[in-house]
1. Arrange the peptides A:308-317, A:15-24, A:212-221 so that the one whose residues have, on average, the most other Cβ atoms within 10 Å appears first.
2. Express the Stokes-Einstein translational diffusion coefficient of region A:256-388 in µm² s⁻¹, to the nearest whole number, given a Kirkwood radius over alpha-carbon pairs, 37 °C and a viscosity of 0.692 mPa s.
3. Take every residue in peptide A:186-192, count the Cβ atoms of other chains within 10 Å of its Cβ, and give the average of those counts.
4. Would region A:169-211 count as rounded, prolate or oblate if I go by the C-alpha gyration tensor, calling it rounded below 1.5 in a/c and otherwise prolate when a/b exceeds b/c, oblate otherwise?
5. In what sequence, highest mean first, do A:125-137, A:390-402 appear when ranked by Cβ atoms within 10 angstrom?
6. Cut-off under 30 Å on the C-alpha distance; same-chain residues fewer than 8 positions from residue B:64 excluded. Which lysines are left, in chain and number order?
7. Given a cut-off of 30 Å, name the pairs among A:248/A:384; A:45/A:268; A:251/B:66; A:102/A:168 whose C-alpha atoms lie farther apart than that in the structure shown.
8. Given N residues in region A:137-192, what is Rg(Cα) / (2.2 N^0.38 Å)?
Amino acid sequence: MKIVMGKLKGLKCRECGRRYPSSPVHICEFCFGPLEVDYDYDALKGTITRQSIAAGPPSIWRYKELLPIEGDVAVGHHVGFTPLIRSQNLAEELGVRELWIKNDSVCHPTWSFKDRVVSVAVTKAKEFGFDTVACASTGNLANSVAAHAAEARMKSYIFIPADLEQGKIVATLVYQPTLVAVEGTYDEVNRLCSEVSDKYRWAFVNINIRPYYSEGSKTYGYEILEQLGWRAPGHIVVPCAGGSLITKIWKAIRECATLGLIDRPATKMHAAQAVGCGPIVTMVKNDTDILTPVRPNTIAKSLAIGNPADGYYAYRSVKDSGGYGEHATDEEIVEGMLLLARTEGIFTETAGGVTVAVTKKLLERGVIPRDESVVICITGNGLKTPDVLYERLETHVTIRPSLSAFDRALADLKSQARS
Amino acid sequence: MARMRVRLTFPPERIQEPVIYHLVKDFDIVTNIRRADVTADHGWVILELEAKEETLERGIAWLKGKGVKVDPIERDVIVP
């Protein structure tokens, strides 16, 4: 693959614009604003083409020149390039002409879009010479960091609140990281992790490596555009937790327009959150750039971030693109999960239920016109957290092992279906 | 001396109070404001605090007692 020399300009403060050389830092020393990777788009123009991307591997690494990696890919060679499915059944149920499902519930290796960000973070951590990676997580991020650290043969520390259910820990422990269960309130655990990141020379993926880590989310956007034949869809509905994914998909679309890979960035970005934890959507609805932190109370645990780091930037992405947002209740979230499973055979986690429910609302309210193209982002697998459905699903019929018993049961079921 | 970079989010009823002044005067904490946005109905301030560790802890506990939300500047770092 052709290597573009000098594509990275380093890091740039999102608030004051001050520049920094590429290094494992995440905060501007002057204004304490977040840092972001800065590319030399003039150097990339004409070098990155639809053809050069198509010649790359069927993974996120086909977009390596648009990622902050300068050496070889270290881990996650099979991450990404997940299916973009043209929906017929769900499109019919929702009453929309052109509906696509970007399905990261089958993203390798840990079944969520977090593999995109973590494979970039761990590769960058190796590039910087770290031997230890870390994160604070209650779910998908922990799974992915532990798995990629194992592949990289790096040490890993995963911090969790001590009261986390055992079921959620196993899918991380299997990769044999050092799991640190911290007793204390959510805020205390949160503060400790920030302090650990300050003190130890570790690659804390969503703290000091965050500028690089978050760039991995752009690949979700590149894939949507490429899989649509390098066309920007009319609308993308994105579940929001920390706000980084929607921000980076919007960045990916604008980058592709800058590089001439698509005509123009004519996509409206819509934010999807739960009623019980929806500070970004609240900003959009109230049309304010001030985020009010909330204490999460929702079954959508995979979106439960009450004080999101990128909340302001997520809001800006929605506003700048002309999109909107909606909240979904817990009941609507479950209905969304069941609707996607029933119509498309995809079992997503609660975040996917939020996305489906919010898409339905945005269509019903005319925010998304029914004759325009829509992509919905399914970002995680339902098999990790089936417990949310335990109370809501049941076996249809139990019988003795005889054909006559089955005949009677089948007749009963058919009669119930007719009534 | 210990240093901390924090984000303070003020509830509307505390906006008119000289909270940071008291942090300096009553606790002997050195404050260095880097960014802020304060209006009639909301307010946040990003600043660095410097003092002895136990003094910092007492100051932060006092802030929380007044209903001020005290977060790392990274905000929520525990991710699902």
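We did not get these values from a lab; they are worked out from the coordinates using the rules stated. Computed from a predicted model, the values in this text were never measured in an experiment. Note that we place each Cβ from the backbone using ideal geometry, even for glycine, and neighbour counts take in every protein chain shown.
1. A:212-221, A:308-317, A:15-24
2. After rounding, the answer is 213 µm²/s.
3. Mean partner shielding for this stretch: 4.
4. Taking the square roots of the gyration eigenvalues as a ≥ b ≥ c, region A:169-211 is oblate.
5. A:125-137, A:390-402
6. Hits, sequence-local ones excluded: A:199, A:285, A:301, B:25, B:52.
7. A:251/B:66
8. With N residues counted in region A:137-192, Rg over 2.2 N^0.38 Å equals 1.08.
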